[in-house]
Amino acid sequence: MAVSFQSVPVAAWGNALSPSGSAAFAPTAASDQLLCVGLNGSGTGLNAIFSGTGTFTSLTSINDINNGNSVTAYVNAACSGASQTVTNTGATGQFMWSWVLEYIGATTVTAVANLSHTPGAGAGAILGTSQSVPSGQILVALCMDTSGGTTAISSPGGTNRGSGSLGAGTSIPYCWTEYAGAGAAIQPSFTSSSGAAHSFVIIQFLLTPPATSFPPVPESLSLKSQVNALLVN
């Protein structure tokens, strides 16, 4: 089975006071992968813990020391197919922003994080981490403007999987972009006209499908049997 995108972001909620930061939704299918990113806007080194139906595993985290934010990535590697609620929790009274994206077909999901501070406003100036992405694998990157605002973020490459500005009052602009692996290195890049003055966090998920296996070659077709047949004849 190939790795593929299942839906528009199944859940996204912003500027919610913990522990009430949650959203209810129904995944497309059981055993899909839920990619989760949480931002705690109340300081660095703080929790943004995802929970709900099934097991949510923390993959990576990063602090935006310039704006006092903590960002964490989680995955639910095999979600339930039933309607459910996902919660992003910090300490009581902390402001939380959350994103969840759904994929199918991955047996392994890893993540890395990068902070890009005032990278510039040019096209593709906001850079993520360069990663080798073999054919059949998918790289999914979320770029968020952790300085806040409403300036749109776009990506000059890849396939857009959702973008906008999340939250009332203090909004966090964001952009999800998907890249198909072709056996070479991929470095996600994004563009914002606020790039010269703002900070950006890029979370990247690498999704790997099951290894392809082939049935054993029958003895009658093996090279050894063919050589023996030639010797006999």
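The values are calculated or read from the model by the stated rules, or taken from the named source; none is laboratory data. Owing to the predicted nature of the structure, the values given are computational and were not obtained by experimental measurement. Glycine gets a Cβ as well: all are built from the backbone with ideal geometry, and neighbour counts include every protein chain shown. These accessible areas exclude ligands, DNA and RNA; they are computed on the full protein's heavy atoms, side chains included. Shrake-Rupley method; radii C 1.70, N 1.55, O 1.52, S 1.80 Å.
Among Tyr174, Tyr179, which is at pLDDT 95 or above, open to solvent by 20 Å² or more (accessible area, probe 1.4 Å) and either among the charged types (D, E, K, R) or within 23 Å of Gly105 (Cβ to Cβ) (or both)? Checking each option against the conditions leaves just Tyr179. Of the residues in region 31-42, not one is of a type outside the set (Asp, Glu), touching a Ser or Thr at 6+ places or on another chain (Cβ under 8 Å) and surrounded by fewer than 16 Cβ atoms within 10 Å (Cβ to Cβ).
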